[in-house]
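Accompanying notes for the structure given below.
The values are calculated or read from the model by the stated rules, or taken from the named source; none is laboratory data. Quick caveat: nothing in here was measured; it's all calculated off a predicted structure. A quick note on method: Cβ atoms are made from the backbone with ideal geometry, for glycine too, and the neighbour counts reach across all protein chains shown.
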């Protein structure tokens, strides 16, 4: 099952169904997942580097209903090209917290696309049942992402050790506060 496309001024956030993320992870050169689509993948997003797929595919294989929260391609409307991807890390946890990740091809950094993606995704997820807290984690050295999450009003709430990325800063904002700040 595919969720509806989330639209922002310059982007479409296109949800991949469970079969597509499995195919993309297991056989990234299988171009059948692009058949009938109105966009292309010239930057090979999630093909050369599987990004979140290594974690999301096992989750989807265990419970296909979890895919609602997972991978969306970031499509630039003007060129119909995939320029990145975004995904929540899972369904909201027992306290309603949901964490997001995103990746943009380096050709599209520092142009406001990250802000658009996060706003589109957080606007969408804030309307989903059970979501109470938005979370974003990032390395303290990633100054662009730290500044980006600050634009949304997120508060620094701690640190964690990520097994792959190393030390990360944790930022959170309640869905209620997000709505007050961004409606």
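Counting only residues that are buried (at least 16 other Cβ atoms within 10 Å of the Cβ), give me the strands (runs of 3 or more DSSP E) lying completely in the range 120-183 with at least 1 of them.
Numbers: elements: 133-138, 155-162, 166-174.
Ranges flagged: 133-138, 166-174.
Name every residue in the range 101-118 that is in a helix (DSSP H, G or I), in contact with a helix residue (DSSP H, G or I) (Cβ under 9 Å, 6 or more places away or on another chain) and surrounded by 19 or more Cβ atoms within 10 Å (Cβ to Cβ), in order of residue number.
If the condition is that a residue be in a helix (DSSP H, G or I), in contact with a helix residue (DSSP H, G or I) (Cβ under 9 Å, 6 or more places away or on another chain) and surrounded by 19 or more Cβ atoms within 10 Å (Cβ to Cβ), then 114, 118 are the ones that fit.
Look through the range 89-100, keep the residues that are within 19 Å of residue 50 (Cβ to Cβ) and touching a helix residue (DSSP H, G or I) at 6+ places or on another chain (Cβ under 7 Å), and return whichever of them is modelled with the highest pLDDT. Give the steps one after another, and end with the answer.
Going residue by residue through the range 89-100, those that are within 19 Å of residue 50 (Cβ to Cβ) are 89-90, 99-100.
Cutting the leftovers down to touching a helix residue (DSSP H, G or I) at 6+ places or on another chain (Cβ under 7 Å) gives us 90, 100.
Values: 90: 94, 100: 97.
It comes out as 100.
Going by the structure shown, is residue 92 crowded, with 19+ Cβ neighbours inside 10 Å and closer than 24 Å to residue 165 by Cβ? Give the derivation first.
On the way: crowded, with 19+ Cβ neighbours inside 10 Å: yes; closer than 24 Å to residue 165 by Cβ: yes.
In short, yes.
Scan the range 1-51 residue by residue and report those that are part of a strand (DSSP E or B) and either buried (at least 19 other Cβ atoms within 10 Å of the Cβ) or out of contact with any helix residue (DSSP H, G or I) (no Cβ under 8 Å at 6 or more places or on another chain) (or both). Before the answer, list the steps.
Of the range 1-51, the ones part of a strand (DSSP E or B) are 6-7, 11-15, 40.
Residues satisfying the conditions are 6, 11, 12, 13, 14, 15.
Are any residues in the range 57-88 buried (at least 16 other Cβ atoms within 10 Å of the Cβ) and either out of contact with any strand residue (DSSP E or B) (no Cβ under 9 Å at 6 or more places or on another chain) or modelled with pLDDT under 95 (or both), and if so, which ones?
57, 59, 60, 66 - these are the residues of the range 57-88 that are buried (at least 16 other Cβ atoms within 10 Å of the Cβ) and either out of contact with any strand residue (DSSP E or B) (no Cβ under 9 Å at 6 or more places or on another chain) or modelled with pLDDT under 95 (or both).
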